[in-house]
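Computed from the coordinates by the stated procedures, all read-outs in this text should not be read as laboratory data. Quick caveat: nothing in here was measured; it's all calculated off a predicted structure. Using ideal geometry, Cβ is built from the backbone for each residue, glycine included, and neighbour counts are taken over all protein chains shown.
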Number of protein chains: 4
Amino acid sequence: MMIIMKSNATPQQVEMVIAAVREAGLNVHLSQGVEATVIGAIGETHSIPTERFESLDGVDTVQRITQPYKLASRQFHPENTVLPIDGFTVGGEEIAVIAGPCSVESRSQIIETALAVKEAGACALRGGVFKPRTSPYVFQGLGEEGLELLAEAREATGLPIVVEIMSQVQLDLMVKYVDVLQVGARNMQNFNLLRAIGESRTAVLLKRGLSATIEELLMSAEYILAGGNSRVMLCERGIRTFETATRNTTDINAIPVLKNLTHLPVILDPSHSTGHADYVAAIARAGIAAGADGLIVEVHPDPAKAVSDGKQSLRPEKFAAMVTQVGQIAQIMGRNLATASEYQKTGWA
Amino acid sequence: MMIIMKSNATPQQVEMVIAAVREAGLNVHLSQGVEATVIGAIGETHSIPTERFESLDGVDTVQRITQPYKLASRQFHPENTVLPIDGFTVGGEEIAVIAGPCSVESRSQIIETALAVKEAGACALRGGVFKPRTSPYVFQGLGEEGLELLAEAREATGLPIVVEIMSQVQLDLMVKYVDVLQVGARNMQNFNLLRAIGESRTAVLLKRGLSATIEELLMSAEYILAGGNSRVMLCERGIRTFETATRNTTDINAIPVLKNLTHLPVILDPSHSTGHADYVAAIARAGIAAGADGLIVEVHPDPAKAVSDGKQSLRPEKFAAMVTQVGQIAQIMGRNLATASEYQKTGWA
Amino acid sequence: MMIIMKSNATPQQVEMVIAAVREAGLNVHLSQGVEATVIGAIGETHSIPTERFESLDGVDTVQRITQPYKLASRQFHPENTVLPIDGFTVGGEEIAVIAGPCSVESRSQIIETALAVKEAGACALRGGVFKPRTSPYVFQGLGEEGLELLAEAREATGLPIVVEIMSQVQLDLMVKYVDVLQVGARNMQNFNLLRAIGESRTAVLLKRGLSATIEELLMSAEYILAGGNSRVMLCERGIRTFETATRNTTDINAIPVLKNLTHLPVILDPSHSTGHADYVAAIARAGIAAGADGLIVEVHPDPAKAVSDGKQSLRPEKFAAMVTQVGQIAQIMGRNLATASEYQKTGWA
Amino acid sequence: MMIIMKSNATPQQVEMVIAAVREAGLNVHLSQGVEATVIGAIGETHSIPTERFESLDGVDTVQRITQPYKLASRQFHPENTVLPIDGFTVGGEEIAVIAGPCSVESRSQIIETALAVKEAGACALRGGVFKPRTSPYVFQGLGEEGLELLAEAREATGLPIVVEIMSQVQLDLMVKYVDVLQVGARNMQNFNLLRAIGESRTAVLLKRGLSATIEELLMSAEYILAGGNSRVMLCERGIRTFETATRNTTDINAIPVLKNLTHLPVILDPSHSTGHADYVAAIARAGIAAGADGLIVEVHPDPAKAVSDGKQSLRPEKFAAMVTQVGQIAQIMGRNLATASEYQKTGWA
């Protein structure tokens, strides 16, 4: 940590800062320039907030020179983490394509979608049962009934299921049913939820918040990892910017940046990051070309009838075309699409 | 709601959309221009998401022409809501100044601060006991012990207490102690929490999310109001932009915009919206001049020793100077500072 | 154009707006809902600013339903524009890779770079001679001397040259030398410059401004097209957001969105859009996978010695590897890399 | 400047960086921590771009610890600059209120407006004659004819005139007529224009770009100051963010931040920063309460008929009310409104 003093800081103020650094268990390295004095605070700084020194008299700014996260850092874990999910892995050679509707709406809808995405090449099924909706007046999800329908769809297809959790209160229920817990953008800094999930052993797909920095995303992953749950995937799903032509702005840069900073797998959600079905395939291809380890895509058998996110949902045939293109890009990247577990036909369709 | 069709939409597609509008219980008003056909959907649209029509074939965009919130809207409630809090009101003539430390750290710290802010002119005491921290490795708050200390400080000063709640799980505990529940920026769209608070009858200070639009803030208020809890104050605390000279960007425009759109009181938090003690007084003055109904300000007896947010915390004497200036601005605005309940001396200090 | 009246607008105000619409030469379509009256203004609206109606009494908002640009619109020009540049085309099947240093620094530097990028597969050479620098105290470019060196490099390699123009005053000089005029991000709304370029017949690479919307980029293209210069390429080069891990945020969504809205070719600049050499290849691949028609990339024989943008400049060997990967992605997209004109060996190297 | 090496940087790489620092004429201060080596580069760093070191092998990041501007810095010029304009001063005790229409439209319009704003308390007249318009199809300003009308209005009222310049080509014409050259947001980094203005001796109102940082605004001022023109005022006019409820987001924080960093006067433009007449007075009051030295406000005798910016233009009577409120705030701030030069009646009105 570098503590940069104001140009008019007094020797007494410098002394006070040095004392504070030592009190924090850090070593001091003093650098007195013509224009500014800089105090290096050296040691185990990741557990010390910069604010500890920022408000001392005479301090101008405090800058970290090492990362504030450790378990998520590639520095301490140079190899990619390869997460086993039922039947496939994420973060290794395989590219995971997770697909399904925004919301579980009915038995026929989710079973039909599950069969269609499986046939098109998906390796896992997504579907929401607790929905974070901006308005209190609209459909909020089927709740536990939806989880049961998802379990049926899993049985019918062999696809593991990825479902969003909105509150620590839902954790016991969720872990009974789901293979991967999704933490949505609006809950990326719901630290109580993160801590609870950290104590479970269910795999997690952690979405980046609408205006969260990449570092904040990694700090939220750190909450889960610090609890002992090491099965964390990160998900770029678009950030909020001034541009209104698309629902969000896909931060495609985040993919190589995250692959550089962390060993955790990185997934792209081109449905939310564009908000428009017409753009999903282009951004899905871009994501894999940029180095993503997988995709999570909204698919609905009849988007015009979807209760939520219809505008950004692909019809199954469009999704199948997307998977084909993504598979070709994956090959160039020296990778291949993860295939779902063996199909356990149980009479559906 | 106006549904704008693509320029190449077919008559069949227009018919399908018209049918969908009628199915939603709305009336249709058709406008066929040279360049585009527009279908007006008229009726009780606030409970119908625009996405219901966005994914129909041939639809270009769907635009609301009325607000998606109702209980929060000034249109249906033209008079200002004046919220009674113990000993003062918010949203009427009085300007409420809420002040206190970021975190409750110790008995002496919170009592000392409470006495100081009371003397300087605050009408309520803030203090965090469950802290939403970016890092899992730093101080997370004193929890219930902190609530007890706050209750002592209230007893010592007569100041009602404002405390952040982070999870619905904390609600029973919190309502036993606090006068105003604060919902922090990171939880503005924690809908489970909002719904739980909506069912309580404790007053709420709802902070705007880092990248939440003004409309989204009002929709979150709507969640609480829809539950039957009408004692909601809104709080502008700075938004996230590209500018890094300050911690956040105070959206001062939000103050007159909110006062125009809603009848609920509007509070400004100049501590978080600037992140720097040197700028707090200027922005506090600006907020009151722009029409805010109150302020929430971080004050610490020794900012250099604060465990959190020291950089943006005012020393009591600086806070007192700020209150004096704010009081002068309030007068020009035809208002006056709320005064705290009678001081109930109990031997502290 | 839809003019949405306030809910409390009077019949007289509605009459006044109707009269104003007619006065603007537009037809009126009136829609009186329960909650709001909407006046459709129908006709040639692209030359009428929305502000013409926004300030009339009783008006709430005015929304365009057709695009404010015409010459740039795909609606009126459904086929892709394929721009011929010396020796290759942009916007058709060929993918154009333009490369070279940020600044022309010396004869040996530019000739060496030109030979290297040609060999690696570039079809045009970039190089700056008038540099828009944030600070007045740093290197501002070689000016005309730089243009002469670029002309030499072109002669040596056969590569056409792409050079940034900063002011209309430089136009006569520039068109004597350059094959493609580049308009930089900071000048995207320098309307005097755009108008001057519109009157020339030199091809243009128009970069998106740091915080320009996609629509504003198209409006700036419209300025050039309206002057009679139809050889315009658009360039996404990253936008400014809150994220600081990269210099800018590549708006990868802009690529399919632009391809949808306009017939003009779309180029990606992964050097500026990331600001970091380590991320350039990943984002270059992503851009082509998303449908871009070309790339413009900073390459320097010795980035550590570059006078500007060294951090984001690729060494020639890294650039060559990038071109190979991009070529593979191009093939999947049914395209191929543009090849430079025949090499006119003149003794360099 | 602090050069932070990567954690795996080799001793040779450190040596190379040290050599480069010395070559740049700076002294070296080496700090070798457990986690990272930091090389302090000490000396006259403001003319050395950070990129000079950023691309050296082994370098992680380079951070300035002193400001990259000098002439604009309060550090080297602690006293406020008080700029004399004809008849009043800016930056001292007086608060300057500049007002007038967005565009000069006609003789009667500008004379009428000038008389009205003078009577209401303005000390200078604004009016555009070269208009930066997003669309090439709309009114672009009256050009020189507009300047003549402004000169007439000045003669009629004694108010000095503030007019936007869009290109260095207009400079000779402009300085013949205007008292203050306005550089608009879109030209804040038109460095050719800044350099040309730096060589003139006409006062300048430099507006912040839509997505320019405060530091970039100061660097643009530095361009003008470095040319020898010291009469520069800075203007906050709103920045571009995700919020769409207002045209821009007033960065009210920028006012105390700029007053802290620079000795130059700071003006607020509440018309552009809100985009809505209903919010102008609130934000004008806020600006003065935050410490601004003046305001520039759009006023039009009949906003509904304005050719541009009608929505954000105040009617004269609303402007007069705003001036009264602003004057009261000024008094609390220990300041007073600048009054215009003596009225030189010449038969108008």
For the protein assembly as shown, what is the mean residue ellipticity at 222 nm derived from helices alone (per DSSP H run of n ≥ 4: -39500 (n - 2.57); sum divided by total residues; nearest 500 deg cm²/dmol)?
-10000 deg cm²/dmol
How many nm is it between the label spots at C:Leu173 and D:Glu44, if each spot is 7 Å from the Cα in line with the beta carbon?
2.7 nm
Could you compute Rg(Cα) / (2.2 N^0.38 Å) for region D:249-349, with N its residue count?
1.16
Name the residue, out of B:Ala226, B:Ala185, B:Ala99, whose mean-square fluctuation peaks in a Gaussian network model built on chain B with Cα pairs under 10 Å.
B:Ala226
Normalised radius of gyration for region C:226-295, please: alpha carbon Rg relative to 2.2 N^0.38 Å, two decimal places.
1.15
Can you check what the Kirkwood hydrodynamic radius comes to for region D:231-270, Cα pairs only, in Å to one decimal?
10.9 Å
Which residues' amide hydrogens lie under 5 Å from the amide hydrogen of C:Gly158, considering only partners 5 or more residues apart or on another chain, with H built in the peptide plane?
C:Gln344
Put in order of increasing Cβ neighbours within 10 Å, starting from the fewest, D:His46, C:His77 give C:His77, D:His46
Any idea what the C:Glu148 label distances to the other copies are, label 7 Å down the Cα→Cβ vector, nm, shortest first?
4.5, 8.5, 8.5
Chain C: most fluctuating residue of C:Ser273, C:Ser200, C:Ser55 per GNM, C-alpha cutoff 10 Å:
C:Ser55
Out of residues 5 or more away from B:Gly92 or on other chains, whose amide H comes under 5 Å of its own, with H placed 1.01 Å from N in the peptide plane?
B:Leu83
Taking a label point 7 Å from Cα toward Cβ, how far is A:Glu93 from its twins in the other copies, in nm, shortest first?
3.4, 7.9, 8.2
Cleavage-rule hits (trypsin sites (Lys or Arg not before Pro)) in region B:260-349: DSSP loop, at most 13 neighbouring Cβ within 10 angstrom:
B:Lys345
Determine, for D:Val175, B:Val62, C:Val326, B:Val104, the number of other Cβ atoms within 10 Å of each Cβ, and report the residues in order from fewest to most.
D:Val175, B:Val62, C:Val326, B:Val104
Among A:Asp57, A:Asp293, rank each residue by its count of other Cβ atoms within 10 Å, from fewest to most, as a rough exposure measure.
A:Asp57, A:Asp293
So, in Å, what gap is there between the alpha-carbon centers of region D:8-40 and region B:169-196?
50 Å
How large is log10 of I(q)/I(0) for region D:101-234 at q = 0.22 Å⁻¹ when the intensity is taken from the Debye formula with one equal scatterer per alpha-carbon?
-1.28
For C:Glu15 paired with C:Glu152, estimate the spin-label separation in nm (one decimal), with each label point 7 Å from Cα along the Cα-to-Cβ line.
7.7 nm
Choice from C:Ile329, C:Ile65, C:Ile110 showing the highest fluctuation, given a GNM over chain C with Cα pairs closer than 10 Å:
C:Ile65
At a Förster distance of 60 Å, what's the computed FRET efficiency of A:Ala24 paired with B:Asp86, Cβ-Cβ distance as r, to 0.05?
0.90
Quarter of the surface of the C-alpha convex hull for the protein assembly as shown, i.e. direction-averaged projected area in nm², equals 47.1 nm²
Give me the dipole magnitude in Debye, nearest 20, for region B:74-337 about the Cα centre, with unit charges on the beta carbon: positive for Lys and Arg, negative for Asp and Glu.
420 debye
Dipole moment magnitude, nearest 20 debye, the protein assembly as shown about Cα centre, only Lys, Arg, Asp, Glu C-beta charged:
0 debye
Using amide H atoms built 1.01 Å from N in the peptide plane, name the residues 5+ places from D:Gly141, or on other chains, whose amide H lies under 5 Å from its own.
D:Lys131
Assume the label is 7 Å from Cα along Cα to beta carbon: what separations in nm does C:Gln63 have to the matching positions in the other copies?
0.5, 4.5, 4.5
Taking region D:216-323, which chymotrypsin sites (Phe, Trp or Tyr not before Pro) meet the DSSP loop condition and have no more than 15 other C-beta atoms within 10 Å?
none
Debye intensity ratio I(q)/I(0), log10, chain A, q values 0.07, 0.12 Å⁻¹ (C-alpha model)
-0.34, -0.83
Kirkwood hydrodynamic radius over Cα pairs of region B:184-325, then Stokes diffusion coefficient at 4 °C and 1.567 mPa s, in µm²/s
83 µm²/s
How many angstrom separate the Cα center of region C:282-300 from the Cα center of region C:101-155?
20 Å
Distances longer than 28 Å among the Cα atoms of region B:10-162: what percent of all pairs is that?
54 percent
Using DSSP loop states and a limit of at most 11 other Cβ atoms within 10 Å to flag GluC sites (Glu not before Pro), what is the longest stretch of chain B containing no flagged site?
B:80-341
Span per principal axis, largest first, for the Cα atoms of region C:2-63 (Å):
30, 20, 19
